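Data first, discussion second: the structure below is written as structure tokens.
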Amino acid sequence: MLCEMCGKEVVATARVRLGRAVLSVCPACAKFGQPADPSPTAGEAPPPLVRRPLLSAGARTGGGGRRLEERDLYREIGEMELAPDWFKRVRAAREARTWTPEEFGKKLNEKKSVVLKIESGGFHPPDALVRKIEHLLKIRLRAETQPSTPS
Ligand SMILES: [Zn+2]
């Protein structure tokens with residue numbers, strides 16, 4: 001029999017679970033997985049896709065350690081929903097005015113590095129700065145779903 005992991009010819013393979021896959025592997029490779037039930041009662045039924053905590057977008061109340069970090073980040077930026085391409089809008093509008101990142105930064109009272117971070121999407125500006133940017137560039141950065149308050 002061949003080990004499905006390293007391809008070595010062995011007398012007997014063991015069935016181990018690696019993530020969602022169950023492989024027949026040699027004893028050496030068996031260490032890398034968890035032992036799978038040698039006589040599965042339900043045959044080769046695929047594992048049910050019930051729990052996908054990372055992909056459940058709306059699970060704000062779900063108690064998961066991994067979600068906390070993200071929620072805190074949202075809290076930090078003040079719950080303001082920005083459009084998916086908000087940073088591209090910033091850059092496009094800034095370039096349309098032929099302002100350098102430095103010039104734009106001065107108008108915002110921010111450093112050039114902050115402007116560059118914003119335009120790469122690596123920095124979520126606080127609400128006040130979002131409004132400043134919108135005002136300066138005469139653009140909207142917030143998601144369409146957000147009710148727009150006339151200023
Ligand atoms: Zn092996």
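The numbers here are math on the coordinates, done by the rules we state, and not lab data. Computed from a prediction, not measured in an experiment: that's the story for all the values here. Here the Cβ is made from the backbone with ideal geometry for all residues, glycine too, and neighbour counts use every protein chain on show.
Observations, loosely collected:
- Under the simplified labelling scheme, the GLN34-GLU81 pair shows an inter-label distance of 3.7 nm, with each label point 7 Å from Cα along Cα→Cβ.
- Stretch gain in nm, segment THR98-LYS112, where the contour uses 0.36 nm per residue and the Cα spacing is subtracted: 3.6 nm
- Counted residue by residue at 0.36 nm each, then reduced by the alpha carbon distance between them, the extension gain from ARG131 to ALA12 reaches 36.2 nm.
- Compactness of segment 86-137, expressed as Rg and Dmax over alpha-carbon positions, Å: 9.4, 25
- Between ARG142 and ALA83, the built amide H atoms are under 5 Å apart, and every one of these is 5 or more places off in sequence or on another chain.
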